[in-house]
Amino acid sequence: MKESTMVPPFRRKVGGIFIPVSDVHRARAWYKDVLGLPVGDVQFGHLCCISMDDGVDLLLDQKLTPDGGEKDLELGAYPLFMFESENVEESLSRLQERGVRLASYNGTIIQNGHWFNFYDSEGNLLMVCA
């Protein structure tokens, strides 16, 4: 099989792995007290970042989608991880050119000006984030 020469529409680096939680404060305490991990503060009322040695963050997320996705939703309802991007608009444009199915929340694709979700060929939801 010939190796692709296409340049990816984002950095070839996973920036974070999402862990769906039902209570971000309880989960934060568990990851800190039981596993001894360096947890950050809860941000935006639903998200807690745990910085790992390899640079890939664990992201405890109580609200996995802008429209309120919950942790018990089936696979594909929330992102599994995020790719890093220096320019989300450019990443979005390149994925659109390739016909990639995008997730839209309340009619908007790019959320808060710095991230969006898209589906792979198997229906898994992935994220691109600046």
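The values are calculated or read from the model by the stated rules, or taken from the named source; none is laboratory data. The structure displayed is predicted, hence computed values, not measured ones. Counting neighbours? That spans all protein chains shown, and the Cβs are built from the backbone with ideal geometry, glycine included. These area figures cover heavy atoms from the full protein model, side chains too; ligands, DNA and RNA do not enter into them. Shrake-Rupley method; radii C 1.70, N 1.55, O 1.52, S 1.80 Å.
Filter the stretch 12-39 down to residues that are outside any helix (DSSP H, G or I) and over 22 Å from GLU84 (Cβ atoms) and give me whichever is least open to solvent (accessible area, probe 1.4 Å). Write out each step before concluding.
Taking the stretch 12-39 as the starting set, the residues that turn out to be outside any helix (DSSP H, G or I) are 12-23, 34-39.
Then drop every residue that is not over 22 Å from GLU84 (Cβ atoms), which leaves 21-23, 34-36.
Working: VAL21: 17, SER22: 69, ASP23: 54, VAL34: 91, LEU35: 89, GLY36: 59 Å².
Going through the qualifying residues, I end up with VAL21.
Could you please let me know if GLY15 is under 19 Å from the mean Cα position of the chain (by Cα) and small (Gly, Ala, Ser)?
Values: under 19 Å from the mean Cα position of the chain (by Cα): yes; small (Gly, Ala, Ser): yes.
Answer is yes for this residue.
Of all residues in the stretch 102-121, exactly one satisfies the criterion of being closer than 18 Å to ILE17 by Cα and either more than 13 Å from the chain's Cα centre (by Cα) or without any contact (Cβ under 8 Å) to a residue 12 or more places away in the chain (or both), namely ASP120.
When the residues of the stretch 120-130 are narrowed to those that are of a type outside the set (Gly, Ala, Ser) and surrounded by fewer than 15 Cβ atoms within 10 Å (Cβ to Cβ), which ends up nearest to PHE81 (Cα to Cα)? Show your work before the answer.
Filtering the stretch 120-130 down to residues of a type outside the set (Gly, Ala, Ser) leaves 120, 122, 124-129.
Add one more test, that the residue is surrounded by fewer than 15 Cβ atoms within 10 Å (Cβ to Cβ), and what stays is 120, 122, 124.
Numbers: ASP120: 12, GLU122: 15, ASN124: 10 Å.
It comes out as ASN124.
For the stretch 95-123, the set of residues classified as of a type in the set (Val, Ile, Thr) and part of a strand (DSSP E or B) consists of THR108 only. For the stretch 40-66, the set of residues classified as part of a loop (DSSP other than H, G, I, E, B) and either within 16 Å of the chain's Cα centre (by Cα) or aliphatic (A, V, I, L, M) (or both) consists of PHE44, HIS46, SER51, MET52, GLY55, VAL56, GLN62, LYS63, LEU64, THR65, PRO66, listed by residue number.
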